[in-house]
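Structure, as structure tokens:
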Amino acid sequence: MNLKDANLYGANLNYANLKDANLKGANLVYANLRYAKLGGANLKDANLKGANLRGADLEDAKLGGAKLKDADLIRAYLHDAKLGGANLRGAKLSGANLQDANLKDANLQDANLVCVFSWSANLKGANLEGVELAGADLQDANLRGAKLGGANLKSADLRETDLEDADLKGAILTGVDLHGAKLRGANLEGVVLTGAELIYADLEGVNFRYADLEGATLYDSNLKSADLRDADLQDADLRDAKLGGANLTGANLTGADLEGANLKSVDLKGANLEGVDLKSADLKGANLKGAILRYADLEGANLKSADLRDAILRDAKLGSANLKGAILRYADSRDAKLGGANLEGVDFRGDLDDL
């Protein structure tokens with residue numbers, strides 16, 4: 001069926017069979033296409049502004065450059081649909097199936113994608129600012145370079161998702177599952193990630209400044225060179241995490257578990273590490289100037305050449321720790337447990353001790 005450039009403004013096409021139809025450039029503004037069969041249809045550059053496509057079958061449909069602003073696509077079937085460069089601003093897509101769909105560079109700003117199913121969808125460079133994605137299934141999706149600032153991704157499934165260089169500043173990621181996700185170079189400044197799962201995630205060079213990661217699971221994650229300044233990591237699980245070269249200045253790590261973590265040359269200046277588990281952690285050359293380490297467990301930790309000037313180490317456990325060449329000038333190590341520690345070449349000048 002050839003309906004190229006046809007004027008179907010406000011047309012009632014409820015349940016219509018338009019499979020493989022040519023609707024390229026057609027005017028379908030405010031058209032009723034509820035449950036219409038549009039599989040394989042050519043809708044390139046079509047104007048579907050405000051159209052009702054609820055429950056429509058758009059499998060493998062060609063919608064590149066289409067105008068779908070404020071369209072109703074609730075529970076629509078868009079498996080393998082081609083939506084590259086489409087305008088979906090303000091569209092309703094809750095419950096829609098976007099598996100394997102191509103949405104590269106599409107504009108989805110202010111759209112509603114609650115509980116959308118988007119396994120392996122291509123959203124590279126897409127604009128998803130302020131979008132509702134709570135509970136969305138975006139497993140293995142390509143969101144590289146996507147704009148997700150202020151988006152609500154609460155409890156979304158982002159396992160193995162590619163978010164490299166994506167902008168998630170101010171996004172809500174509470175309870176999100178980012179197991180094995182790729183986020184290298186992404187911007188997560190000020191994001192809410194409380195209770196999030198980031199096991200084995202690649203977070204190298206990520207901007208986490210001012211982020212809320214309280215209770216997050218970052219076990220064995222790659223946080224090399226990450227910016228975690230002033231981040232809240234209370235009770236976070238950072239066991240075996242790779243934090244080499246990361247900046248944790250002013251971060252709150254109270255109650256966090258950093259057992260076996262790699263913190264070589266990490267900047268922890270002024271960080272709150274009270275009660276933190278740092279057993280066997282590698283803190284060689286770390287900057288812990290002014291850090292709060294009261295009641296911290298540093299047994300067997302490597303603190304060789306670490307800078308602990310003005311640090312508070314009261315009641316800390318440092319048994320068998322390697323402090324060779326460490327600087328503890330003006331540190332408060334009263335009641336610290338140092339049995340079996342290597343103190344060769346330690347600079348204790350001005351240290352407040354009661355050993």
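Read-outs: derived from the displayed coordinates by stated rules, not from any lab. Note that the structure is predicted; figures quoted are calculated from it, not measured. With ideal geometry, Cβ positions are generated from the backbone for all residues, glycine too; neighbour counts draw on all protein chains shown.
So the values come out like this:
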{"quantity": "Pairwise label distance in nanometres, residue 9 with residue 344, each label 7 Å out on the Cα-Cβ vector", "calculated": "8.7 nm"}
{"quantity": "Residue 315-residue 1 pseudo-label distance in nm [points 7 Å out on the Cα-to-Cβ vector]", "calculated": "7.6 nm"}
{"quantity": "Rel. contact order, % - alpha carbon contacts under 8 angstrom, at least six apart, region 161-269", "calculated": "18 percent"}
{"quantity": "Cβ crowding within 10 Å averaged over residues, with 318-324, 135-141 ranked highest first", "calculated": "135-141, 318-324"}
{"quantity": "Lys, Arg +1 and Asp, Glu -1 on Cβ, resulting dipole of region 156-196 about Cα centre, debye, nearest 20", "calculated": "100 debye"}
{"quantity": "Anisotropy class of region 1-103 from Cα gyration tensor, a/c 1.5 cut", "calculated": "rounded"}
{"quantity": "Answer label, with Rg and Dmax of the Cα atoms in Å calculated from the coordinates and candidates [x] 26.4, 90; [y] 22.4, 69; [z] 27.3, 112", "calculated": "[x]"}
{"quantity": "DSSP beta bridges in the chain [antiparallel fraction, %, rounded to 5]", "calculated": "0 percent"}
{"quantity": "Packing-based ranking, highest mean first, of 337-347, 226-236 given that Cβ atoms within 10 Å are counted", "calculated": "226-236, 337-347"}
{"quantity": "Neighbour net charge for residue 340 - beta-carbon separation under 15 angstrom, K R +1, D E -1", "calculated": "+1"}
{"quantity": "Computed E for residue 119/residue 17 - FRET, C-beta separation, R0 41 angstrom, nearest 0.05", "calculated": "0.90"}
{"quantity": "Signed unit charges on C-beta, dipole axis of the chain, positive-most listed residue 122, 190, 273", "calculated": "122"}
{"quantity": "Region 249-268-region 301-337 distance, computed between alpha-carbon centres (Å)", "calculated": "15 Å"}
{"quantity": "Gyration tensor verdict on region 284-352 (Cα atoms; rounded if a/c is under 1.5, prolate if a/b is larger than b/c, oblate otherwise)", "calculated": "rounded"}
{"quantity": "Listed peptides 27-37, 103-113 by packing density, highest first (mean Cβ within 10 Å)", "calculated": "103-113, 27-37"}
{"quantity": "Lys pairs under 15 Å by Cα in region 170-280, provided they are eight or more residues apart or on distinct chains", "calculated": "7"}
{"quantity": "10 Å-binned pair-distance histogram of region 206-248 (Cα, whole percent)", "calculated": "34, 62, 4"}
{"quantity": "Summed side-chain charge close to residue 74 - residues other than residue 74 whose Cβ falls under 12 Å, Lys, Arg +1, Asp, Glu -1", "calculated": "+3"}
